[in-house]
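The values are calculated or read from the model by the stated rules, or taken from the named source; none is laboratory data. Being a predicted model, the structure only gives us computed values, none of them experimental. Quick reminder, even Gly has a Cβ in these numbers, built from the backbone with ideal geometry, and neighbours come from all protein chains shown. These area figures cover heavy atoms from the full protein model, side chains too; ligands, DNA and RNA do not enter into them. Shrake-Rupley method; radii C 1.70, N 1.55, O 1.52, S 1.80 Å.
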Amino acid sequence: MSFSDNIRRVTPYTPGEQPQRKVIKLNTNESPYPPSPQVVEAIRAIKASKLRLYPDPDCRELRETLAEEYGLEPEQVFVGVGSDDVLSMCFLTFFAGKKPVLFNDITYSFYEVWADVYRIPFETVPLRDDFSFDPKGFLKENGGIVICNPNAPTSLEAELADIEKVVAENQDSVVLIDEAYVDFGAHTALPLLKKYPNVVIVRTMSKSRALAGLRVGYAFGSKELIKALHDVKFSVNSYTLNMPALVAGVAAAADREYFEETVDRVLVTREKTKEALRSFGFTVPESRTNFLFAKPPEGTSAESLFEKLKEKDIYVRFFKKPRLSDYLRITIGTDAEMEQFIKVLQEIL
Ligand SMILES: *Cc1c(COP(=O)(O)O)cnc(C)c1O
């Protein structure tokens with residue numbers, strides 16, 4: 001026996017690279033645009049002397065602003081340090097049973113890591129061959145369900161009717177729906193909240209609201225489930241979001257106009273980039289996210305293309321995993337960045 005036997009050992013999640021020099025960065029699905037001018041103003045107005053105080057442990061103003069924006073009660077809103085923190089708290093709170101938690105075989109790879117670190121049994125449910133969502137695999141005994149919609153890294157949206165089927169047939173389980181990308185043209189499961197008390201929807205300000213650096217995520221659910229989340233949060237760390245993040249989060253949540261305008265710009269650039277890639281012979285499914293999941297033309301390997309782009313200071317994401325290693329995940333940047341990307345691609349191909 002040694003201390004080594006008492007160490008919790010896990011294989012951690014690997015985030016995309018954050019190179020510290022200037023590159024065209026299309027590898028972690030950040031917004032290519034700055035946050036709302038109202039966020040910038042709110043951060044400027046922060047008094048540094050206030051930093052001696054703890055932030056509001058209830059995050060009341062941020063929860064109230066989000067509740068108002070989405071037509072809910074503040075007691076139905078939970079906030080955390082990015083949606084990774086929110087999801088982690090959800091795993092810890094809702095999946096404390098003995099039956100396996102179910103999620104897709106190809107999805108956000110962090111789910112497996114949380115299940116592992118919290119010792120939660122899990123089983124994966126395969127997507128169809130074309131990566132589409134198949135509700136059938138979720139119609140069996142389980143201790144909870146996680147669905148990423150639209151899914152990452154495939155960029156595809158599941159039918160809301162299929163998600164409802166999973167929720168309706170599993171009313172003894174909490175069904176987490178990770179909507180990190182829903183703002184980019186997908187259908188939200190929010191209407192299901194009114195009908196089913198077992199649904200929790202998780203969102204983030206990292207992508208569509210350009211706040212990845214501040215770490216603000218949130219969840220919507222019934223008052224009962226949100227209270228359970230708060231009880232666990234207050235048992236781990238009462239002061240999760242720092243004061244500047246709370247201030248900026250409120251300003252970002254309140255500026256609907258800027259949010260819609262920047263999201264629309266991303267959508268226009270996404271469709272243009274998709275057409276350009278298809279004209280080069282790439283296979284590109286219809287994305288409902290701020291990235292494209294693209295398979296290079298016959299004779300070009302995704303991995304070598306990933307390496308060659310990197311040599312030219314263009315970073316995209318490549319997953320050396322079964323079913324994914326034929327594809328690249330390409331974040332939508334500004335028009336100028338995507339034009340440069342297409343130009344370099346043309347030279348390489
Ligand atoms: C980016 C992402 C998250 C985490 O985002 P945060 O920056 O932690 O809010 C969660 N789920 C999916 C599917 C994501 O792509």
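Report, in debye and to the nearest 20, how large the dipole of the chain comes out about its Cα centre when Lys and Arg carry +1 and Asp and Glu carry -1 on their Cβ.
880 debye
Could you give each residue of region 186-202 its phi-based ³J(HN,Hα) in whole Hz, using Karplus coefficients 6.51, -1.76, 1.60 with θ = phi - 60°, and x for Gly or Pro?
Whole-Hz 3J(HN,Hα) from phi for region 186-202: 9, 8, 7, 8, 3, x, 5, 4, 6, 9, 10, x, 9, 9, 10, 10, 10.
Of all the accessible heavy-atom surface of the chain, with the other protein chains kept in place and a 1.4 Å probe, what percent is carbon and sulfur?
Within the chain, the accessible surface is 51 percent carbon and sulfur.
What distance in nm lies between label points placed 7 Å from Cα along the C-beta direction at Met243 and Asp231?
Label at Met243, label at Asp231, 3.2 nm between them.
Are there DSSP H segments in the chain that both extend 30 Å or more along their axis (alpha-carbon positions) and score a mean Kyte-Doolittle hydropathy of at least 1.0? List them, or say none.
none
At a Förster radius of 41 Å, what calculated FRET efficiency corresponds to the Cβ-Cβ distance of Ser301 and Ala336, to the nearest 0.05?
0.90
Using a 10 angstrom cutoff on alpha carbons, build the Gaussian network for the chain and name the most mobile of Tyr111, Tyr33, Tyr13.
Answer for the Gaussian network model of the chain: Tyr13.
Given the options Asp129, Asp162, Asp56, which has the most mean-square fluctuation in a GNM of the chain, springs set between C-alpha atoms less than 10 angstrom apart?
Largest GNM mean-square fluctuation: Asp129.
When the chain is treated as a GNM, springs tying every alpha-carbon pair under 10 Å, which of Gln38, Gln171, Gln20 comes out with the largest mean-square fluctuation?
The residue that fluctuates most here is Gln20.
Lysine pairs in region 118-203 with alpha-carbon atoms under 21 Å apart, 8 or more places apart or on different chains: how many are there?
So the count of such lysine pairs works out to 4.
What whole-number value in cubic angstrom gives the convex hull volume per residue for the C-alpha atoms of region 183-280?
142 Å³
Assuming R0 = 51 Å, can you tell me the calculated FRET efficiency for the pair Gln38 and Asn6, based on Cβ-Cβ distance, to the nearest 0.05?
Between Gln38 and Asn6 the formula returns 0.55.
Report D for region 210-349 in µm² per second (integer): Stokes-Einstein, Kirkwood Rh on Cα pairs, 4 °C, 1.567 mPa s.
Value of D from the Cα-based Kirkwood radius: 72 µm²/s.
Peptides 208-214, 49-55: what's the order by average Cβ count within 10 Å, highest mean first?
Those peptides, ordered most packed to least, come out 208-214, 49-55.
For the chain, what does the accessible surface come to per residue with a 1.4 Å probe? Please give it in Å².
Per residue, the chain has an accessible area of 48 Å².
Taking the radius of gyration and the Kirkwood hydrodynamic radius from Cα positions alone, what is the Rg/Rh ratio for the chain, to two decimal places?
Expressed as Rg/Rh, it is 0.97.
If you take the charge dipole of region 37-254 about its Cα centre, with +1 on Lys and Arg Cβ and -1 on Asp and Glu Cβ, which of Pro153, Gly82, Ala45 is farthest toward its positive end?
Checking the options against the dipole of region 37-254, the answer is Ala45.
Just the ratio, please: alpha-carbon radius of gyration of region 1-53 over 2.2 N^0.38 Å, N its number of residues.
So region 1-53 has a normalised radius of gyration of 2.04.
Reachable lysines from Lys207, Cα under 18 Å, same-chain residues fewer than 8 places away excluded?
Lys25
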